[in-house]
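Inspection log for the structure reproduced underneath, given as C-alpha cells.
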Amino acid sequence: MKPRPRRPAPLAAPAAAARAEAARPPRRRGRSLLGWLVQGLVWGGLAVCAFLLFFAWDLPRVDGIPAATRRPSVTLTSADGAMLATQGDLYGQTVRLRDLPPALPAALMAVEDRRFRSHWGIDPVGLARAALANWKAGEVVQGGSTLTQQLAKNLFLTAERTTRRKVQEALLALWLERRFSKDQLLEIYLNRVYLGAGAYGVDAAARLFFGVPARRVNLWQAAMLAGLPKAPSRYNPRAAPDLATARASEVLEAMVETGAITQGQMGAELGRMRIPAPASRQAGWFADWALEDLAETFPGNADLMLRATLNAKLQAVVEARLEALLAGPGARAGVTQGAVVVLDAATGAIRAMAGGRDFRTSQFNRATAARRQPGSAFKPFVFLAALEKGMRPEDDVSDAPVSLGGWSPGNGQWRPRGEISMEEALAQSVNTAAVRVLFRAGGPRAAAEAARRLGLDGRFPNDASIALGTGEVTLLDLTAAYAGFANGGLRVTPFGIAGASATGAALRVPRVAPVRAMATEDAAAMRRMLEAVVARGTGRAASVGGRVVAGKTGTTQDFRDAWFVGFFGTTVIGIWLGNDDARPMDSVSGGSLPARLFRDITEAAL
C-alpha cells in the first residue's frame, strides 16, 4: 500500500493569525486613563485627609458656642451719671437681631462681608477680589475673611497670623455655617465682637461711646460701630474722634454702594455726625486715684458699677479755667503746669480734680503724688497751734526782724510796724511775726502735730523754718486739711467713691467718718482770720462778689511754687501752679494767678 503523502503546512497561517488578531476587540485607551484617574482620586483623597488631619488635630472642641471668658468689668460714673472710666472687659445686654435697627447689621455686612447671605462660610469671590486689590496696591489693603471666619477666630482661635490658624479658621467657619443660620451667626457676632475701650458687643459699645443702648442707635452711630472691628483701637471714638468719623463715612459710602441707603441719606447723616464729648477729658487723674485700692475695697470677681463723688460739670469748669490760665497769663509768666482739687468740707468727697494740664500727655497726678513746699499756705496750722495755747486773733505780735542762729527770714515788701495783731500777721503773711507765733505756740513740733491732726502728713523740719512752709505736702492733703477750718473743726478723709453695686445689688462703700480735730471756737477763730486774708490781705484777688471767702496764699523761694487754698461755705478749692522741673516762674505768687484761678472757678461754679 502506497503511503499517503504528508500534507504540507498551509502557507496562509500567518495571514490567518493576522486576521484573527485583527478580529479581536481593540483595547480601550480609556481604561488606562480611568485607572490613572481613580488612582489620582484615591491619592488625592488621602492627601486631603492628611491635610485636614494635620491642621485639625488640635482644633478646639466645637460642641457649641463657648461661654465668654473675660475679666470682671468696672464702670465708673460721675455723680450725675456721666461715664468717667472703665476697666476690664465691658459687656452690654445680649441683643437679638430683630430688636436692632436694620441699619446696624446692614452697615456691618456692607463694609465687612457683602456676600454674607450667599456664601457658605468661605467666599472665593471675596478672596479673589481682595488678592487683586492687594496686588494692585502693593500692600494689604483688603482682607478676604468673611464674617463667619472672623467669628470663628474670635470664638475659638488666637489672633496669631499663621497659615495653620487661617486654615483652622476656614474649617471652623464651615462648621459654623452648618450649625447655625445666617441670622444666628450675625447675632453671635454682634454680641461678641470686640469694639475697643474694653467693650465687647454692640450694646456695650453703644452705651460707652454714645450713651444709648444698641437698640436706639441712629444711622451714623450704626455706621461708626460697624467700622470698628477693622481696628478697634485706631478708630475708638473716644480716643480718636476724627479717625472714627472718617471711618464711619467710609461705611456709609459702602452702604450706598450696596443699596442699603440712598445718597441723600448718607449726606444727611454726615451732617448729623457728632460724637458726644466725654464727661471730662482730664478726669483720668481722678479715676486713677479713685480706683487705686479697688481690689482691697471690693474683693471678688463680680462686675462693678461705681458712682463717683466727682461732679462732671464742675470738673469741666476746672479743666477749662486751668487751661485758659496756663495758655494765657500763665504762659507769659513761665507757668507750664497746675493742679486743682475741689473738696466737700462736710464729708471729704472730691468734687473735681485736675492733676495737670493734659492727662493724655502726662498721667502723673500733681494733685496727689507731687510733694512740694507749701510756703505760707502752711501758716494756718502754726496759728492754730497758737490758738490752742491760748492766743486770740486780736493779740499783738511783733513784726520786727528776727535772727535765729544766723537765719533771718525776710518779709518781702512788708514794712515793719512794731506790733500787729495775730489776725493781721496771717492776713498779710508776715514771716517774722509767724516765727514768733510759732514759738508762742510751743515750737515746730506743736505746729507739725496740729497739721497731722488735720490729716496733713508730710516731712516737716524740726526748726523755725516750718512756720514758712518748708516741709513737703501734696495738694490733696493740704486741701483736705483746710476742710477743718471750713466745717467747724472736723478732720475729713478724702474719698472718690460714693456708691457701688455688683450685679444689681448695692455694696457697702468703706468710708472714714469725720472726727473732731480742734475745738469749735478755735475753728471759728481760724475761719475769721482766713476771711481777713481775702478781705484785706494777700488773697484779695480771690474775692468773689456777694460771697464770704476765706483762704491762704503760699509762695516758695524764687517763685518755684505758688499756692492758694480757700473755701466758701463748705466747698474747699486747692490750687498749685509751677513747673515740673522746679524752674522759677516770673514773679508768680500765691496771691496772683492761683488766687485769680480760685475766683474764676468759684464764679463759674456758682
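The values are calculated or read from the model by the stated rules, or taken from the named source; none is laboratory data. Keep in mind it's a predicted model, so treat the numbers as computed, not measured. A quick note on method: Cβ atoms are made from the backbone with ideal geometry, for glycine too, and the neighbour counts reach across all protein chains shown. The accessibility values were calculated without ligands, DNA or RNA, using every heavy atom of the protein model including side chains. Shrake-Rupley method; radii C 1.70, N 1.55, O 1.52, S 1.80 Å.
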Review point. Would the range 518-538 turn up any residue that is touching an Asp or Glu at 6+ places or on another chain (Cβ under 8 Å), in a loop (DSSP other than H, G, I, E, B) and closer than 23 Å to ALA448 by Cβ?
Key: yes
Exercise for review: Take the range 561-606 and flag every residue that is assigned to a helix (DSSP H, G or I) and either at positive phi or of a type in the set (Ser, Thr, Tyr) (or both).
Suggested key: THR602
Review point. Open to solvent by 10 Å² or more (accessible area, probe 1.4 Å) and not in a helix (DSSP H, G or I), is that true of PRO393?
Key: no
Review point. Any idea how many residues of the range 184-224 are among the aromatic types (Phe, Trp, Tyr) and open to solvent by 30 Å² or more (accessible area, probe 1.4 Å)?
Key: 2
Review point. Which one of these is more than 28 Å from ALA339 (Cβ to Cβ) and touching a strand residue (DSSP E or B) at 6+ places or on another chain (Cβ under 6 Å): ALA441, ALA446, ALA386, ALA464?
Key: ALA464
Exercise for review: Might you let me know whether the range 258-281 holds any residue that is open to solvent by 30 Å² or more (accessible area, probe 1.4 Å), under 23 Å from VAL193 (Cβ atoms), in contact with a helix residue (DSSP H, G or I) (Cβ under 9 Å, 6 or more places away or on another chain) and without any contact (Cβ under 8 Å) to a residue 60 or more places away in the chain?
Suggested key: no
**Study point:** Residues (open to solvent by less than 20 Å² (accessible area, probe 1.4 Å), assigned to a loop (DSSP other than H, G, I, E, B) and touching a helix residue (DSSP H, G or I) at 6+ places or on another chain (Cβ under 6 Å)) located in the range 68-99
**Key:** SER78, VAL95
Point to revise | Yes/no for GLY330 being part of a helix (DSSP H, G or I), over 25 Å from the mean Cα position of the chain (by Cα) and among the small types (Gly, Ala, Ser) | key: yes
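Just need a number here: residues in the range 484-516 that are modelled with pLDDT of 90 or more and over 23 Å from PHE378 (Cβ atoms).
Selection size over the range 484-516: 15.
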Study note, to complete from the structure: For THR556, the lone unmet condition from (1) modelled with pLDDT of 95 or more; (2) surrounded by fewer than 22 Cβ atoms within 10 Å (Cβ to Cβ); (3) more than 22 Å from LEU343 (Cβ to Cβ) is (2)
Exercise for review: With respect to SER501, determine if the residue is open to solvent by 10 Å² or more (accessible area, probe 1.4 Å) and outside any loop (DSSP other than H, G, I, E, B).
Suggested key: yes
Review point. ARG452 is checked against (1) under 28 Å from ALA345 (Cα atoms); (2) in contact with an Asp or Glu (Cβ under 8 Å, 6 or more places away or on another chain) and fails just one. What number does that condition carry?
Key: (2)
Practice item. Could you please find all residues in the range 526-585 being more than 26 Å from MET391 (Cα to Cα) and basic (Lys, Arg)? Key: ARG547, ARG560, ARG583
Study note, to complete from the structure: Within the range 566-588, the residues that are among the small types (Gly, Ala, Ser) and buried (at least 24 other Cβ atoms within 10 Å of the Cβ) are GLY566, GLY574, GLY578
Review point. What helices (runs of 4 or more DSSP H) completely inside the range 255-312 contain at least 2 residues that are at pLDDT 90 or above, hydrophobic (A, V, I, L, M, F, W, C) and more than 30 Å from ASP358 (Cβ to Cβ)?
Key: 263-272
